[in-house]
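Asker: I'd like to ask you about the structure that follows.
Quick note: the coordinates plus some simple rules give every number you see, no bench work behind them. On a predicted model such as this, the values are computed, not experimentally measured, just so you know. A quick note on method: Cβ atoms are made from the backbone with ideal geometry, for glycine too, and the neighbour counts reach across all protein chains shown.
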Amino acid sequence: MNDCIFCKIVAGEIPSSKVYEDDQVLAFLDISQTTPGHTLLIPKRHVRNVLEMEADLASTTFSRLPKIARALQKATNAVGMNIINNNEEIAGQTVFHAHIHLVPRYDEKDGIKIEYTEHEPDFEALGKLAAQIANEVEA
């Protein structure tokens, strides 16, 4: 077992408010409760983040996501949900055990704002970048 807080939750050394558990994953309420019902989904096996996941662990973890998200939305009467995954400190990861945030949304006044800036696309540059990424995917 790793010494991280989520591994301790999996091992039962730290209490949690579980909403789902099977032999591979655990979902529990985040102690911060950004909005009521804010839930974390984690693989039980320690891995730093999605960038270090192998395909089988990613498949296992992410396959549970829709069922948990639907149950969370139904239980909380949320009108929408953000599903967020942060990888590395620069992206907002603070616990270095892979986890996915399920954040129920109730209205525009909940204080959460995620914005994407728009600008005129440079299709030539996008094509070059897409080719570089595709080459790495194939590698």
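Asker: Could you tell me whether the range 20-36 includes any residue that is within 26 Å of Val137 (Cβ to Cβ) and either without any contact (Cβ under 8 Å) to a residue 40 or more places away in the chain or not hydrophobic (A, V, I, L, M, F, W, C) (or both)?
Answerer: Checked the range 20-36: at least one residue is within 26 Å of Val137 (Cβ to Cβ) and either without any contact (Cβ under 8 Å) to a residue 40 or more places away in the chain or not hydrophobic (A, V, I, L, M, F, W, C) (or both).
Asker: Would you check if Gly37 is on the phi > 0 side of the Ramachandran plot, surrounded by 12 or more Cβ atoms within 10 Å (Cβ to Cβ) and over 14 Å from the mean Cα position of the chain (by Cα)?
Answerer: Numbers: on the phi > 0 side of the Ramachandran plot: yes; surrounded by 12 or more Cβ atoms within 10 Å (Cβ to Cβ): yes; over 14 Å from the mean Cα position of the chain (by Cα): yes.
Yes; evaluated as a whole, the condition is true for this residue.
Asker: Of all residues in the range 70-119, count the ones that are without any contact (Cβ under 8 Å) to a residue 12 or more places away in the chain and among the charged types (D, E, K, R).
Answerer: Looking only at that region, the number is 8.
Asker: Which residues, taken from the range 75-127, are among the aliphatic types (A, V, I, L, M) and closer than 23 Å to Asn49 by Cβ?
Answerer: Met81, Ile83, Ile84, Ile90, Ala91, Val95, Ala98, Ile100, Leu102, Val103, Ile112, Ile114, listed by residue number.
Asker: Going through the range 46-58 one residue at a time, which ones are farther than 27 Å from Arg105 by Cβ and either out of contact with any His (no Cβ under 9 Å at 6 or more places or on another chain) or of a type outside the set (A, V, I, L, M) (or both)?
Answerer: Residues satisfying the conditions are His46, Arg48, Glu52, Glu54, Ala55, Asp56, Leu57.
Asker: Please verify whether Thr76 is more than 30 Å from Val137 (Cβ to Cβ), crowded, with 16+ Cβ neighbours inside 10 Å and in contact with an Asp or Glu (Cβ under 7 Å, 6 or more places away or on another chain), treating the condition exactly as stated.
Answerer: no
Asker: Do you know which of the residues in the range 79-108 that are among the polar types (S, T, N, Q) and surrounded by 13 or more Cβ atoms within 10 Å (Cβ to Cβ) is farthest from Gln33 (Cα to Cα)?
Answerer: Asn87
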